[in-house]
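Taking it in order: structure first as structure tokens, then the write-up.
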Amino acid sequence: MSHAITATAVTQDFGNVHALRGVDLEIAAGTVYALLGHNGAGKTSLVNILTTLAPPASGHAAVAGFDVVRNPKQVRSKIGLTGQFAAVDADLTGRENIHMIGRLLGLSARQSRDGAAELLARFSLTEAGDRRAGTYSGGMRRRLDLAASLVGKPEVLFLDEPTTGLDPSARLELWEVIEHLVDGGATVLLTTQYLEEADRLAHRIGVMNEGLMVAEGTAAELKSKVGGHVVQVGFATDSEFSDALRALEREGLAADFPNRTINVPAHGASDVAPIVRLLDDAGIGISGLELREPTLDDVYFALTSAPSHLDQAR
Amino acid sequence: MSSSVNPTSNKPTTNFFVEVMILVGRNLRKILRVPQLAFFSLVQPVLFLTLFSQVFRGLASSPGFPRGINYIDYLLPSIVISTVAQNAVQSAVGIATDLNTGMIDRFRSLPITRGSVLFARSISDFLRSGFQVLVMLALGYAVFGFRFHGGFLGAIGMVGLSMAFAWALTWIFLAFGVQTKNPETAQVAGFMVIFPLMFASSSYVPVETLPGWLQAIAQVNPLSYLVDATRALVLGWDLSPDLAQAAIAIAAVAAAGMFLTFRAWRYIGRPKSAGRAKRPRGVPASAD
């Protein structure tokens, strides 16, 4: 299978900050790839290099078969970019925004107008299409931003934190839109801070931390590192908390501990009982107990600490 | 090869001229559509002409004032040049706003010619200045008794020089805007530069009456040369040194402005630039 995006040993520095410290990436054409990481992990720096907005300090990258440094214009003619801060013109209508981008991409006035009408309909913006984008809700602006990125029918689409700052219902709406992009066969690279988002939208996920790719795989592969679930145990007092921590660590259960809570990677509900029994046997009282889906933090923790020994503890 | 959203997609390319036209259209539409912008674009020249012409009216009775001249014919060129200069600050605000909202990143991710965004901005702001020049001339004619004394060519020359200067100045302020990437900073910085230059010039008093250090500024101030030349064109005076000097001033301003703008533009998005343009204020420029 050919690759829509490749990167080899890409680095980027901002003054003394090493934003990217040698990133390799291969994304198969026609797939959705999620870059998962916190603020400052280097996701946007990588996207900026792949979209020719910034040159890499070293290393090579190619998008749709063109080198981003040697052939930036060819790369730009193949990509669409939706940035973190919905880059639509608030003083233009939704239709005018899409039309303008279409014209700048070299579409004829008519092609561009037809494209705008089609995209507005596809993203449920037809009614709002002749209103100024400044009057749109956050979710509508993101949809318009996305629509404008699609008017040139890009081969590779970059979505930089497409749902950051959106409320849950707007996020769901946008997810549905993004899921349908893949049906069209485009290659999509999206960045996100939400494991749930990457899980739902992407075929493969790359986890970035401090300018490095720390893990890569399918959502299932990454989650299996965490155990698929997390048992979160809360404690009322500091002494109970530290006793519990010692007890769990003695049993080799990987755990992290923000705010007097301990998160234990688990496979499912069946893992709750052993943990409770273990703490009960040690005479430690708990103030809260929850079995939940893992978050990005849990994945980070699992990737940077010893593997889970819950199986032995059971 | 990777597939596209629509396999029938074809990718024609644009050219510089078409791109600039599209972007000028966008900028002008914004001016017309934002009521405040449209309103102030119209009110500013009216206000300036009315205020300045009345405040400095007494100039006509000062000893250094040329004899036999209507005060408004003497002052109007200064007011036009001052207004055009102030208006150029809006170029800084416009480009900084685009940088700040992420529009520039969007434009830069498109396969368009480098610089088309900047040229479009300079042209749309130049057109707005031109409109303001015409408003002031019309108002001067209708209300304040302003008349051209240099004939038709003088009138054309006066308008042409003012507009050319307006265009050249936009480049200086585009450099400001690209450098600061922040509309408010760009605006304040722009006025800090333009305000002293408005007065440390031959605009409102003869240069000889200024204190020595201001005279020194006035003598290198491009506004002085533009005021001298447009004034000579309006009054029908001898043009021999003024016109050439004004042309040189315009060329120098445009060249310096373009150099600074394109230099700053090259570093957008590059490492060691002052943070990413679209990052909202208050968010530290982290490496992400």
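Does the stretch A:41-53 contain any residue that is at the interface with chain B (Cβ under 8 Å from one of its Cβ atoms) and open to solvent by 50 Å² or more (accessible area, probe 1.4 Å)?
So far as the stretch A:41-53 goes, no, none of its residues is at the interface with chain B (Cβ under 8 Å from one of its Cβ atoms) and open to solvent by 50 Å² or more (accessible area, probe 1.4 Å).
Have a look at A:ARG76, A:ARG103 and point out the one that is without any contact (Cβ under 8 Å) to a residue 12 or more places away in the chain, among the charged types (D, E, K, R) and crowded, with 20+ Cβ neighbours inside 10 Å.
When all the criteria are applied, what remains is A:ARG103.
Please work out which residue is least open to solvent (accessible area, probe 1.4 Å), limiting yourself to the stretch A:86-100 and to residues that are in a helix (DSSP H, G or I) and at the interface with another protein chain (Cβ under 9 Å from one of its Cβ atoms).
Checking each candidate, the answer is A:MET100.
So that you can scan it fast, the table gives a plain yes or no per residue for (1) outside any loop (DSSP other than H, G, I, E, B); (2) farther than 27 Å from A:GLY37 by Cβ; (3) aliphatic (A, V, I, L, M):
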| position | (1), (2), (3) |
| --- | --- |
| A:ARG246 | yes, yes, no |
| A:LEU253 | no, no, yes |
| A:PRO258 | no, no, no |
| A:ILE262 | yes, no, yes |
| A:PRO265 | yes, no, no |
| A:PRO274 | yes, yes, no |
| A:ASP280 | yes, yes, no |
| A:PRO294 | no, no, no |
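Does A:HIS60 satisfy the condition of being outside any helix (DSSP H, G or I) and either closer than 27 Å to A:ASP183 by Cα or in contact (Cβ under 8 Å) with a residue 24 or more places away in the chain (or both)?
Answer is yes for this residue.
Mind checking which residues of the stretch A:63-73 are at the interface with chain B (Cβ under 10 Å from one of its Cβ atoms) and either buried (at least 19 other Cβ atoms within 10 Å of the Cβ) or assigned to a loop (DSSP other than H, G, I, E, B) (or both)?
A:VAL63, A:ALA64, A:GLY65, A:PRO72
Quick check on the stretch B:106-129. Is at least one of its residues in a loop (DSSP other than H, G, I, E, B), modelled with pLDDT under 90 and more than 30 Å from A:ASN71 (Cα to Cα)?
no
Looking at A:SER224 and the list (1) in a loop (DSSP other than H, G, I, E, B); (2) open to solvent by 60 Å² or more (accessible area, probe 1.4 Å); (3) closer than 30 Å to A:ALA9 by Cβ, which single condition is not satisfied?
(1)
Among the residues of the stretch A:162-188, write down those that are within 12 Å of another protein chain (Cβ to nearest Cβ), under 13 Å from the mean Cα position of the chain (by Cα) and buried (at least 24 other Cβ atoms within 10 Å of the Cβ).
Listed by number, the list holds a single entry, A:VAL188.
The values are calculated or read from the model by the stated rules, or taken from the named source; none is laboratory data. Remember, predicted model here, so these are calculated numbers, not experimental data. All Cβ positions, even for glycine, are placed from backbone atoms using ideal geometry, and neighbour counts span all protein chains on display. What goes into the accessible areas is simple: the full protein's heavy atoms, side chains included, and nothing from ligands, DNA or RNA. Shrake-Rupley method; radii C 1.70, N 1.55, O 1.52, S 1.80 Å.
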